[in-house]
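Since the structure comes first, as C-alpha coordinates, the remarks are kept for the end.
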Amino acid sequence: MDLGGGVHRVDRFLAVVLINFFFAFLGLHEGAVTSVQFHPTDPATILTNGMDSCIKIVDIRTPKVVHTFRDMNFQTSYAWSSASFSADGKYLTS
(Lines give C-alpha, C1' and ligand atoms only; values in the text may rest on other atoms or scores of the structure.)
Protein backbone atom coordinates (compact mmCIF):
# COMPACT_ATOMS: atom_id res chain seq x y z
CA MET A 1 0.00 0.00 0.00
CA ASP A 2 1.40 3.37 -0.99
CA LEU A 3 0.63 5.80 1.80
CA GLY A 4 2.42 8.70 0.12
CA GLY A 5 3.72 11.62 2.13
CA GLY A 6 6.92 9.87 3.17
CA VAL A 7 8.08 8.41 6.43
CA HIS A 8 6.48 11.01 8.74
CA ARG A 9 2.98 10.10 7.65
CA VAL A 10 3.71 6.42 8.26
CA ASP A 11 5.19 7.22 11.71
CA ARG A 12 2.08 9.14 12.77
CA PHE A 13 -0.19 6.40 11.44
CA LEU A 14 1.70 3.71 13.33
CA ALA A 15 1.79 5.75 16.55
CA VAL A 16 -1.98 6.22 16.55
CA VAL A 17 -2.57 2.59 15.64
CA LEU A 18 -0.24 1.29 18.35
CA ILE A 19 -1.80 3.46 21.06
CA ASN A 20 -5.31 2.32 20.16
CA PHE A 21 -4.21 -1.26 19.72
CA PHE A 22 -2.48 -1.67 23.08
CA PHE A 23 -5.44 -0.29 25.02
CA ALA A 24 -7.64 -2.99 23.51
CA PHE A 25 -4.95 -5.67 23.28
CA LEU A 26 -5.34 -6.85 26.88
CA GLY A 27 -8.75 -8.33 26.12
CA LEU A 28 -7.86 -9.85 22.75
CA HIS A 29 -7.02 -13.36 24.01
CA GLU A 30 -7.84 -15.28 27.18
CA GLY A 31 -4.24 -15.60 28.27
CA ALA A 32 -0.91 -14.54 26.83
CA VAL A 33 -0.41 -13.56 23.21
CA THR A 34 2.37 -15.64 21.69
CA SER A 35 2.77 -13.93 18.31
CA VAL A 36 1.71 -10.92 16.29
CA GLN A 37 2.30 -10.48 12.56
CA PHE A 38 1.24 -7.69 10.21
CA HIS A 39 -0.57 -8.71 7.04
CA PRO A 40 1.86 -8.55 4.09
CA THR A 41 -0.38 -6.34 1.92
CA ASP A 42 -2.79 -4.68 4.38
CA PRO A 43 -1.01 -2.69 7.11
CA ALA A 44 -4.24 -2.33 9.09
CA THR A 45 -4.58 -6.09 9.63
CA ILE A 46 -2.65 -8.29 12.03
CA LEU A 47 -2.64 -11.97 12.91
CA THR A 48 -2.33 -13.04 16.54
CA ASN A 49 -1.89 -16.37 18.26
CA GLY A 50 -2.69 -16.81 21.94
CA MET A 51 -2.33 -19.31 24.73
CA ASP A 52 -6.12 -19.72 24.53
CA SER A 53 -5.41 -21.77 21.36
CA CYS A 54 -7.12 -19.20 19.15
CA ILE A 55 -5.71 -17.49 16.10
CA LYS A 56 -7.29 -14.12 15.38
CA ILE A 57 -7.28 -11.68 12.50
CA VAL A 58 -7.62 -8.15 13.88
CA ASP A 59 -8.33 -4.80 12.25
CA ILE A 60 -6.03 -2.53 14.25
CA ARG A 61 -7.86 0.64 13.19
CA THR A 62 -10.86 -0.26 15.33
CA PRO A 63 -9.29 -2.65 17.00
CA LYS A 64 -11.82 -5.43 16.46
CA VAL A 65 -11.45 -9.12 15.80
CA VAL A 66 -12.38 -9.81 12.16
CA HIS A 67 -12.15 -13.59 12.45
CA THR A 68 -11.28 -16.16 15.11
CA PHE A 69 -9.89 -19.56 14.15
CA ARG A 70 -10.46 -22.29 16.71
CA ASP A 71 -10.38 -26.07 16.41
CA MET A 72 -10.55 -28.77 19.06
CA ASN A 73 -7.47 -30.43 17.51
CA PHE A 74 -5.36 -27.24 17.64
CA GLN A 75 -3.53 -26.30 20.82
CA THR A 76 -1.06 -23.51 21.47
CA SER A 77 1.29 -25.28 23.86
CA TYR A 78 4.28 -22.94 24.11
CA ALA A 79 4.84 -19.24 24.71
CA TRP A 80 6.90 -19.09 21.51
CA SER A 81 4.16 -20.60 19.33
CA SER A 82 3.45 -18.44 16.31
CA ALA A 83 1.03 -17.94 13.48
CA SER A 84 1.90 -16.32 10.18
CA PHE A 85 0.39 -15.17 6.92
CA SER A 86 1.55 -16.53 3.57
CA ALA A 87 3.56 -14.10 1.43
CA ASP A 88 0.42 -13.01 -0.44
CA GLY A 89 -1.72 -12.85 2.72
CA LYS A 90 -4.30 -15.32 1.43
CA TYR A 91 -3.42 -18.13 3.85
CA LEU A 92 -2.20 -18.55 7.39
CA THR A 93 -0.35 -21.22 9.28
CA SER A 94 0.56 -22.00 12.84
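Out of curiosity, is T48 modelled with pLDDT of 90 or more and of a type outside the set (F, W, Y)? Spell out how you get there, then give the answer.
Working: modelled with pLDDT of 90 or more: no; of a type outside the set (F, W, Y): yes.
So T48 does not fit the description; no.
Just one of the listed residues (T41, T45) is of a type in the set (S, T, N, Q), free of Cβ contacts under 8 Å to residues at least 60 places away in the same chain and touching a His at 6+ places or on another chain (Cβ under 8 Å), and it is T45.
Looking at S35, S53, S77, which is the one that is under 14 Å from T93 (Cα atoms) and at pLDDT below 85? Please lay out each step first, then the result.
Values: S53 fails: at pLDDT below 85; S77 fails: under 14 Å from T93 (Cα atoms).
Criteria check complete, one pass: S35.
The values are calculated or read from the model by the stated rules, or taken from the named source; none is laboratory data. Just so we're clear, the structure is a prediction, and the values are computed from it rather than from any experiment. Please note: Cβ atoms are built from the backbone with ideal geometry, for glycine as well, and neighbour counts cover all protein chains shown.
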